[in-house]
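Here is the structure we will look at, set down as structure tokens.
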Amino acid sequence: MRGHDWINSMLPDELILEIFRNLDSKSSRDACSLVCRRWLTLERFSRDTIRIGASGSPDALVDLLARRFPNVTNVYIDERLSVSLPVDFGRRRNPSHSALSWLRLHFVSERSEPGGSESDSYCISDAGLTAVADGFMKLEKLSLIWCSNATSAGLRSVAEKCRFLKSLDLQGCYVGDQGLVAIGKCCRQLEILNLRFCEGLTDTGLVELALGCGNTLKWLGVAACAKITDISLEAVGSHCSSLETLSLDSEFVHNKGVLAVAKGCSLLKNLSLQCINVTDEALTAVGVFCLSLESLALYSFQRFTDKSLCAIGKGCKKLKSLMLSDCYFLSDKGLEAVAAGCLELAHLEVNGCHNIGTYGLESIGRSCMRLTELALLYCQKVGDEALSEVGKGCKYLEALHLVDCSIIGNEAIYSIAMGCRNLKRLHIRRCYEVGSKGIIAVGENCKYLTDLSIRFCDRVGDEALVAIGKGCPSLRHLNVSGCHQIGDNGIIAIARGCPQLSYLDVSVLQNLRDMALAEVGEGCPLLKDIVLSHCRQITDVGLSHLVKRCKLLESCHMVYCPGITAAGVATVISTCTNMKKVLIEKAKVSDRTQRRAGSVISYLCVDL
């Protein structure tokens, strides 16, 4: 029968709910809830996650959402982000009573009250947290990012009502010890706690929390908390035996605290340290006691030496990820010890460690055959021989990142291309010895490459991209910003050989013309993001050909392109219905274009 509702008559509630659970976006769920009353009701009870940004009246919005979605278990509130308010909560037949209208009226009345701060009306307060506690009693994950008006009173309400809480993120919240004490007493299933930039906390709060729910705590992050010292970490070491991840950034923590954690948390798997007063003694203890350690990140350490890494290499045989940043006193000897002892190492990043050179990386290449990702940033002493060994020994390498490595050149890239045929991501920036020869080898041997970024490498020319276009049909991301020898021929080869391309950055290419842009439009229909800034020979003609075929385009940056006019900008806006961001000079946006798509246009800030 024509017009009969077969779906609702045939499908039971359980099946429709299962379909809703598999929807991958909020917009899809919102659209489904508007189909009919039954779907609206089912979607209400099936939604388990809500995200809230800065809004006109967040407390009232939380209260509305709590009544609308009773089965939510995950709440994310981030006041750094904007949010689009829900237009309606089910009363579609009477717009005058819509939730949005009520919310606007409520916001106006709030702002009209004497003594009310305009900025306060955009921040969730304890009243909002009380609404969270009352409305989402099944809550398991709560994230409060930079909610500056939330205090211990609101957190206490959450603790008392939400007993099943497993994850709590308080980044940037000025809550006090009393709130954390309440969490420790009431939320005995807490597993994840983030206290980054919680300036109001002291040792009292964290110690009491460790006493209350330390036996279930698995993840702890502490950063920029001036009043949290070794006393807190000693309590963590004594009561948090299940702790698996610790991220610590503090100048007020010394060896005593880290030693306590190392000795008491033998199950520790992930450790990130940025503590200027921690020395070899503490990290040596990690190598001795934390035998399950899988990931280690050390930032800005001026007091660690090779002794620390030798202890890690000797004791932490399960280490899979190592990140060393600005560790000036570490050398090849320490990296050699890690290579000899940590044979499961899969990820290595060395950033600004000026005493680590070719020999240390050669040791990694010879011993760590499971390496899948290598990042070398500002490593002035690492030469071609290091990557030659990596190419020979690390056959499973999938990602290579090189930044400002001044003596790495074509031979290194050639060795990687010949030995690491599974390479998927190659990022090179300001490595001036790398030229077309190395990139040609990548094109001829790395057919699985999906992400190529070659920024400001003056020796790379069109012939390199011709090889990539022929040999890497799965390429999706290409950035050749500032490679002055690349022109039309190279980009045309990419357009004809890489139909899956979705991101293209050709900024600062002075030899790029409209013909190449037209070819990109013809050959890359899946393109979503393009950066054309500082391309002086691109005009409205090329832009028109591009957007005519690239219907999925979502962002376009085109500042300092003298050949692009207001007409070209209008063409982009009118043709690309999915456009989310256009970066352009203000003078090139007509009044009509501004009225039509002002929300997606961003202006370059030059009037300083």
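The values are calculated or read from the model by the stated rules, or taken from the named source; none is laboratory data. The model shown is predicted, which means the values in this text are computed figures rather than measured ones. Backbone-built Cβ (ideal geometry, glycine too); neighbour counts: all protein chains shown. The area values use the complete protein model at the heavy-atom level, side chains included, leaving out ligands, DNA and RNA. Shrake-Rupley method; radii C 1.70, N 1.55, O 1.52, S 1.80 Å.
Projecting each Cα onto the charge dipole of the chain (Lys/Arg +1, Asp/Glu -1 at the beta carbon, about the Cα centre), which of LEU273, ASN255, GLY469 comes out farthest on the positive side?
GLY469
Compute the normalised compactness of the chain: alpha-carbon radius of gyration over 2.2 N^0.38 Å, N being the residue count.
Rounded to two decimals, the normalised Rg is 1.12.
Considering only protein heavy atoms, what per residue accessible area in square angstrom results for the chain with a 1.4 angstrom probe? Working shown, then result.
Values: 26720 Å² over 608 residues.
Normalised by residue count, the accessible surface of the chain is 44 Å².
Quick one: net charge of ASP529's neighbours, Cβ under 15 Å, K/R +1, D/E -1?
On the way: positive: ARG476, LYS528, LYS551, LYS580, LYS581; negative: ASP451, ASP505, GLU554.
Taking every other residue near ASP529 into account, the sum is +2.
Once both labels are modelled 7 Å past Cα along the beta-carbon direction, what's the ASP591-ASN22 spacing in nm?
Taking the two extended label points, one gets 5.2 nm.
Using amide H atoms built in the peptide plane, which far-off residues or other-chain residues are under 5 Å from GLY409 H to H?
ASP384
Which percent of the accessible area of the chain is formed by carbon and sulfur heavy atoms (probe 1.4 angstrom)? Write out the running numbers ahead of the final one.
On the way: 14070 of 26720 Å².
Its accessible area is 53 percent carbon and sulfur atoms.
For the chain, with the dipole built from +1 on Lys and Arg beta-carbon atoms and -1 on Asp and Glu ones, taken about the Cα centre, which of ALA297, TYR414, TYR378 lies farthest toward the positive end?
Result: TYR414, furthest along the dipole toward the positive end.
Assign one of three labels to region 197-348, namely rounded, prolate or oblate, based on the Cα gyration tensor with a ≥ b ≥ c the square roots of its eigenvalues; rounded applies when a/c is under 1.5, prolate when it is not and a/b is larger than b/c, and oblate otherwise.
Details: a/c = 2.19, a/b = 1.54, b/c = 1.43.
Cα axes put region 197-348 in the prolate bin.
Can you list residues from other chains, or at least 5 along the same chain, whose modelled amide H is less than 5 Å from the amide H of THR305?
Residues meeting the amide H criterion: ASP280.
Please identify every one of the GluC sites (Glu not before Pro) in region 223-262 that sits in a loop by DSSP and has no more than 12 other beta carbons within 10 Å of its own beta carbon. Provide the component values of the computation, followed by the final result.
Working: sites: GLU234, GLU244, GLU251; in loops: GLU244, GLU251.
Counting only loop positions with at most 12 other Cβ atoms within 10 Å, the GluC sites (Glu not before Pro) in region 223-262 are GLU251.
Any idea how far apart ASN74 and ARG549 come out in nm if each label point goes 7 Å out from Cα toward Cβ?
3.9
Give the long-range amide H neighbours of ASP505: residues separated by 5 or more places, or on another chain, with amide H under 5 Å away, using H modelled in the peptide plane at 1.01 Å from N.
Long-range HN contacts for ASP505: LEU478, ASN479, VAL480, VAL531.
From the Cα gyration tensor of region 432-525, with a ≥ b ≥ c the square roots of its eigenvalues, which class applies: rounded if a/c is under 1.5, or else prolate if a/b is larger than b/c, or else oblate? Could you put the intermediate results ahead of the total?
Values: a/c = 1.64, a/b = 1.06, b/c = 1.55.
Oblate, since a/c reaches 1.5 and b/c is not below a/b.
So what's the net charge close to TYR414: Lys and Arg +1, Asp and Glu -1, counting the other residues with Cβ under 15 Å from its Cβ?
Working: positive: LYS392, ARG421, LYS437, ARG459; negative: ASP384, GLU385, GLU389, GLU411, GLU433, GLU444, GLU463.
Once all neighbours under 15 Å are counted, the net charge is -3.
Which net charge results for the neighbourhood of CYS316, defined as the other residues with beta-carbon distances under 11 angstrom from its beta-carbon, given Lys and Arg at +1 and Asp and Glu at -1? All intermediate terms of the calculation are to be shown ahead of the outcome.
Numbers: positive: LYS269, LYS314, LYS317, LYS318, LYS320; negative: GLU294, GLU344.
My count for the surroundings of CYS316 gives +3.
Mean Kyte-Doolittle of at least 1.6 and a Cα length of 27 Å or more along the axis: which whole DSSP H helices of the chain meet both? Can you show the working numbers first?
Working: long enough: none.
Within the chain not a single helix satisfies the rule.
Averaging sequence separations of C-alpha pairs under 8 Å and six or more residues apart, then dividing by the length of region 6-74, give the relative contact order as a whole percent. Intermediate results must be reported in sequence, preceding the final value.
Working: 41 pairs, mean separation 20.0, N = 69.
That works out to 29 percent.
What does the charge dipole of region 242-401 about its Cα centre add up to, to the nearest 20 debye, if the Cβ of each Lys and Arg holds +1 and the Cβ of each Asp and Glu holds -1? Present the calculation step by step, with values, prior to reporting the outcome.
On the way: 15 positive and 18 negative charges, 103 e Å.
In debye, rounded to 20, region 242-401 gives about 500.
Measure of size requested: the Rg and Dmax of region 533-574, with Cα atoms as the atom set and Å as the unit; please supply both.
Cα radius of gyration and Dmax of region 533-574 are 9.6, 25 Å respectively.
As I understand it, the dipole of the chain uses +1 on the Cβ of Lys and Arg and -1 on the Cβ of Asp and Glu, about the Cα centre. Which of VAL288, GLY497, VAL531 lies farthest toward its positive end?
It is GLY497.
FRET efficiency for LYS227 and LYS314, Cβ-Cβ distance as r, R0 = 41 Å, nearest 0.05? Before the final figure, lay out the partial values.
Numbers: r = 36 Å, r/R0 = 0.88.
Given R0 = 41 Å and the Cβ-Cβ separation, E is 0.70.
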